[in-house]
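Engineer: This is the structure, below, for whatever I ask next.
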Amino acid sequence: MYVSCSFVSSFLVSCSSLLLFLIFYSTQGEEGLEFFVIENGSCGVKVDAKVLPHSVPAGGGFGELALFYEEPRSATIFAKEPTTTWILDKKTFRGGLAHRTEELCSENVKFLMEVPFFKEFEGDPALQEYVQRVAEAMVPVEFDAGSYIIRQGEEGNTFYIITDGTCSVEVDDEVKDHTLKTGNWFGEKALVGESAIRTASIKATTGVKCIGMDRSAFEEHMGPFEVFRNTHATEQHALGSEQTQCPRLNLADYEFRRVLGVGGFGLVTLHARKKDGQLFALKKMQKALIVQEQMQKFVRQEKLFLAELSGNKFVPILDGSAKDDDSVYLMLEFLSGGDLFSLIEQCGALDEDTVVRFTAACTILGLQHVHKHSIAFRDLKLENLVIDGSGYVKLVDFGLAKRILGRSYTFCGSPRYCAPEMVTGKGHNKGVDWWALGVVLYEMLFAMSPFDDNCNDVELFRRISMQPLEFPEYPTPQPQCVNFITQLLSKDSSKRLGCLAEGSNGCMKHPWFSVYDWDKVRAQTMKSPITPAPYQQKDDKSASENVEVPEMHSVLTKYRPSQDPMKGWDDPF
């Protein structure tokens, strides 16, 4: 049985002759919601009704995956003797972690906003976001009592804020009647390119803790201070202002051709517009299934984001939408070339010089467009990179996309593409997309994942957050390619390629793309190395029969508005 509490609970096992009454902490197949740690006693493990030989002893734990990812229990855990456990539920754990992360960042932002050249940003949302990025990138550093933090006359390139302890100020070996304490700062001029020669020495009079950042790190992450301050206003998008009003469609104007695939809430089918024969992919989503999974907000966002982003060559065009009593529909551009997962299944590892680099270029331009709207895609994977009729690659399925101005703490996406900051619950932003691109390119090159060799998700998450990146001995990609992927797969998001001052332009300027004409790729006038098979109407029947349709999608589930707590979510359709 489950016990939803945050305090210690004791469960006693009573014995009568040969009959043992068991207390179940975790039952195989049930939804996992809590993590258990055994204080004393021990537990047995049962899988598929078979008791395994090993036990979970005092000090051990089980159910840790529940803190990070929604997945059924893989085993039944039961008490073998009088046992005391500590229980932590997912909501408490992730909420507490998020709160602490925000608290630390807010403290750093508060300190920064007292520095004169940051204080001018107060009240400007764009510049406050910039300050938050600085706060997140500053690193903690400690000094012993009596040690000099900076010395007069030396070239200074580091900015410090004191978070604990006190310091004295010395000028020409004379101690000034001024003590620096928590919240005080020094060395700020080094960041903005002013005189870098230290005019005083700062000495720790107690043990001192600071947060600091040097000039090179500042410019790498944020760019030159004055350039940003002078140009930010013209670069900021009025969020949502470019949103396109896509038309509401009459589905009777379209003719069904074949089943293309299965989505999360219904089928994706090929339709031809009757008046001109143009082909479209119709994504049908059953309202009842959406409500059941509590995904109303995400489905609504998907439609709005597609309308806002439509028109870019690396995002599918949304031709229109529709709804009826039980379903909502999106009529999307038909991409006839299939997805990259299918391409790897057919061909194995792909060629670096042609397909891999070209796919990377298309994806960079797609993410560049999405990120300019402050939207994180959050579900970049081989299956969501689809090839159009001319061989160009586009981002599809915006069901998990989210507009993020600061950080988000939602755990989502496919486990093997999750970035370390998402796995550890530290909060994420658009940087997760660049990590996922690194995983995608690695998989295209080697037909294997950098961290997943069919291990369980707990081990996968441990590897993502802690295990160093390694490359197979064969095939051997160019050093520039290895460097590009390595920079994308930086576990520290503040040092990850794509997350630095130049953003996506930093990816485009990487030496791996030195021979690329980005204007031709953007205009799609460069010949693609991928040649998709042309659509053949005669194949419709056999193609539909090859798609395995789950029972939940072959039967329409009636939508009951009275059971939907989020009324009006389908209005945009």
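Engineer: Using a Förster radius of 60 Å, what is the FRET efficiency between Asp214 and Val549 based on their Cβ-Cβ separation? Nearest 0.05, please. All intermediate terms of the calculation are to be shown ahead of the outcome.
Structural biologist: Numbers: r = 57 Å, r/R0 = 0.96.
After rounding, the FRET efficiency stands at 0.55.
Engineer: Now, a different point. What is the extension gain from Asn456 to Asn250, computed as 0.36 nm multiplied by their sequence separation minus the C-alpha to C-alpha distance, in nm to one decimal?
Structural biologist: 69.6 nm
Engineer: Please work out how much length the chain gains when fully extended from Arg560 to Ala200, using 0.36 nm per residue of separation minus the C-alpha to C-alpha distance, in nm with one decimal. Walk me through the numbers on the way to the answer.
Structural biologist: Values: separation 360, 0.36 × 360 = 129.60 nm, distance 7.18 nm.
Taking 0.36 nm per residue and subtracting the Cα distance, the gain is 122.4 nm.
Engineer: Efficiency by 1/(1 + (r/R0)^6): what FRET value for Asp519 and Glu107, r their Cβ-Cβ distance, R0 = 56 Å, to the nearest 0.05?
Structural biologist: On the way: r = 45 Å, r/R0 = 0.80.
Plugging the Cβ-Cβ distance into 1/(1 + (r/R0)^6) gives 0.80.
Engineer: Averaging sequence separations of C-alpha pairs under 8 Å and six or more residues apart, then dividing by the length of the chain, give the relative contact order as a whole percent.
Structural biologist: Once normalised by length, the contact order is 11 percent.
Engineer: Would you calculate a helix-derived [θ] at 222 nm for the chain, using -39,500 (n - 2.57) for each DSSP H run of n ≥ 4 and dividing by the full residue count, to the nearest 500?
Structural biologist: Details: 17 runs with 164 residues, N = 573.
Result for the chain, helices only: -8500 deg cm²/dmol.
Engineer: Based on the Cβ-Cβ distance of Gln294 and Arg273, what FRET efficiency does E = 1/(1 + (r/R0)^6) give at R0 = 25 Å, to the nearest 0.05? The partial results should precede the final answer.
Structural biologist: Numbers: r = 34 Å, r/R0 = 1.37.
FRET efficiency, Gln294 to Arg273: 0.15.
Each value in this text was obtained by applying a stated rule to the coordinates, not by laboratory testing. All of these numbers come straight from a predicted model, not from anything done at the bench. In this analysis, Cβ positions are derived from the backbone assuming ideal geometry, glycine residues included, and neighbour counts consider all displayed protein chains.
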